[in-house]
Amino acid sequence: MAASETAPPLDILVRGSEGFSLWNGPPFSNGQPGIKLENISCTSTKFSEDGSRLMVMKSDSVISIYDCSSYREIRSFQIPNVAAAALSPRGTYVQTFQKSSTPQEKNVILWNTETGDPVYQQFQKNMTKATWPSIRFSSDEAVACRLATNEIQFLDAGDFSKPFIYRLRVPGVAAFELSKAPGSHVAAYVPESKGIPASVQIFSCAKAVQIQPLARRSFFRCSSVQLNWNNGSTGLLVVVQSDVDKTNQSYYGESKLNYLTTDGTHEGLVPLRKEGPVHDVQWSYSGSEFAVVYGFMPSKATVFDKKCNPLLELGMGPYNTIRWNPKGKFLCLAGFGNLPGDMAFWDHVEKKQLGTTRAELSVTSEWSPDGCYFMTATTAPRLQVDNGIKIFHHNGSLFFKKMFDKLYQADWKPESPDRFGDIAELVKSIGSLNVVETKPQGDRSKISQTSAKASASNPPAQKPAAYRPPHAKSAAAVQAQLFGESSTETVSKNALKNKKKREKQREKKAAEATSGT
């Protein structure tokens, strides 16, 4: 059977103040999503990487594991003083971190989700973003490793009864990243120490060839790094961040984008064509291209191939986020956070822009697994007001909108893009659907609908424009230039009227001067 005939349904997880719910994803039959599971009380939720399991953390230190094929609870763990938990990529294991008072107490435990038995335990003094999860898995869970003092220890993924099977010595290592698919390489980060520059090194996971790094890159003025492997484990993008910008051009420090390959053919900076910070970078699903948003505002966006050659310029604008469609055909370029929320949708294959729109106050954003829809969400605690979900078509047209009194999380259920059909055929099969907007207060009454019709037929008088002091008259044009917009649209009617009056006066004086001579 074709992939499109056996394609799994799209599901959406929504977590609010009453707990989490699971919706049927688009397209919706009656303009509204169906409910698969409704309002289960919890404090946090997380899907496994392949979407087969769902971990739900509840009150009273209870962690529940759900089977995503039926959304039934298959295992529950009661773990006192649990501070964090993480699922393995296929949902086979869940590891937990508990607050510990003595080193003798092993506070990191790896549990088997099928049997409920602990299979591995260790002590970890504290938990940071760089050191959690403690045990890292490849996507197929064939490779497992952990960070120790001056070394990376590789575990037997089939038998965790052994402490480790071999170790990789990297003096001073502070963070590492295991390649996911396949788990063939590991990148190790060593921070600056006693005048020695920081470095990122790539090693093979095979025991026989671990002695020397396959690639290495050193950095001066390095405070932290972000390590991004591609699918195929052939290339590593390294965003190097420094807390201090010695050129004094940025209060937030400076950042550089480096690229290393496992075959050693490239070890250096990505040739970016504008000065400024690296806002975002993402690999395509194929692992053969990556897209970067960079530079001072208005920022610039470029797509590169795996040899760092520019393939497509996405223009300039108020952007700091890039999201690559799982099928590799579409791109969304957006400006979230402290930016207005502008979004530009591109067809990477055809090298053309499909449309633009805006999603103000968005906190999270992601493509659906089939690559046809793009969802943004305004969530708490980042924003306490205007919480809601917006779902857009691949070309930026709004498909669905729903507002919440309080929304904490909105995620697509992960699925492999290979399980869906060709993106061009999927896009053609989606018919035109109307925009549906739902508010938490419920449906409007007939009286409010009648009043809305009346107000539409008799629009209120336009209020006079607010007074603007002389020094602020050019502020709109300056702001438009800053955000990459057209300044002609923001000029007021009075300014145009005054401009025409001045032009007429100049013409009149010129005519009088010529007649006098």
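Just how much of E360 is accessible, in Å², when a 1.4 Å probe is used and the result is rounded to the nearest 10?
E360 exposes around 90 Å² with every protein chain in place.
Post the alpha-carbon centroid distance, the range 129-148 to the range 13-50, in whole angstrom.
The distance from the Cα centre of the range 129-148 to that of the range 13-50 comes to 28 Å.
For the full complex of protein chains and a 1.4 angstrom probe, list T102, T261 by accessible area with the highest value first.
Ranked list, largest accessible area first: T102, T261.
Please compute the modelled spin-label separation between Q78 and D159, points set 7 Å along Cα→Cβ, answer in nm with one decimal.
With each label point 7 Å from Cα toward Cβ, the separation is 3.4 nm.
Roughly what would the spin-label model give for T265 and S59, points 7 Å off Cα along C-beta, in nm?
5.8 nm
Under 13 Å Cα-Cα from K307, which aspartates and glutamates qualify once same-chain neighbours fewer than 8 residues away are excluded?
D263, E267, E289
Report the calculated FRET efficiency for S397 and N24 (r = Cβ-Cβ distance, R0 = 22 Å), to the nearest 0.05.
Efficiency, from the Cβ-Cβ distance: 0.60.
Taking a ≥ b ≥ c as the square roots of the Cα gyration tensor eigenvalues, with a/c under 1.5 meaning rounded and otherwise prolate when a/b beats b/c, else oblate, which class fits the range 305-401?
It comes out prolate by the Cα gyration axes.
Sort Y259, Y251, Y408, Y93 by accessible area with a 1.4 Å probe, largest first. Mind showing how you got there, number by number?
Working: Y259 5, Y251 200, Y408 90, Y93 30 Å².
Correct descending sequence by accessible area is Y251, Y408, Y93, Y259.
Compute, for the range 304-360, the length of the dipole vector about the Cα centre, with Cβ point charges of +1 (Lys, Arg) and -1 (Asp, Glu) only. Units Debye, rounded to 20.
Magnitude of the dipole: close to 240 debye.
Among S48, I74, S29, whose Cα sits farthest toward the positive end of the charge dipole of the range 1-138 (+1 at Cβ of Lys/Arg, -1 at Cβ of Asp/Glu, about the Cα centre)?
Going by the charge dipole, the pick is S48.
With every protein chain in place, what's the accessible area of D411 (1.4 Å probe, Å², nearest 10)?
Roll a 1.4 Å probe over it and D411 shows about 60 Å².
Which of Q241, V200, Q226 sits closest to the plus end of the dipole of the range 200-281, meaning its Cα is farthest towards the positive end, when Lys and Arg get +1 and Asp and Glu get -1 on the C-beta?
V200
Between the range 404-424 and the range 245-297, what is the separation of their alpha carbon centroids in Å?
28 Å
Rg/Rh for the range 122-227 to two decimals, with Rh computed the Kirkwood way over all alpha-carbon pairs.
Value, to two decimals: 0.95.
Treating cross-link reach as a plain straight distance, find the lysines whose alpha-carbon is under 28 Å from the alpha-carbon of K99, omitting any fewer than eight places away in the same chain.
Of all the lysines, those that pass the test against K99 - Cα under 28 Å, at least 8 places apart if same chain - are K46, K58, K125, K129, K162.
Given Cβ point charges of +1 (Lys, Arg) and -1 (Asp, Glu) and nothing else, what value in debye, to the nearest 20, does the dipole of the range 285-409 about its Cα centre take?
Roughly 60 debye for the range 285-409.
Using θ = phi - 60° and the Karplus relation 6.51 cos²θ - 1.76 cosθ + 1.60, list the HN-Hα couplings for the range 328-338 in order, rounded to whole Hz, with x at every Gly or Pro.
x, 8, 10, 10, 10, 10, 9, x, 10, x, 8
Please pull out the direction-averaged projected area of the range 246-340, using the convex hull of its alpha-carbon atoms, in nm² to one decimal place. Kindly include the intermediate steps, with their values, before the conclusion.
On the way: hull surface 27.0 nm².
Result: 6.7 nm².
The values are calculated or read from the model by the stated rules, or taken from the named source; none is laboratory data. In this text the structure is predicted, and so the values were computed from the model without any measurement. Note: ideal-geometry Cβ built from the backbone for every residue, glycine included; neighbour counts use all protein chains shown. Ligands, DNA and RNA are excluded from the accessible area calculation, which covers all protein heavy atoms including side chains. Shrake-Rupley method; radii C 1.70, N 1.55, O 1.52, S 1.80 Å.
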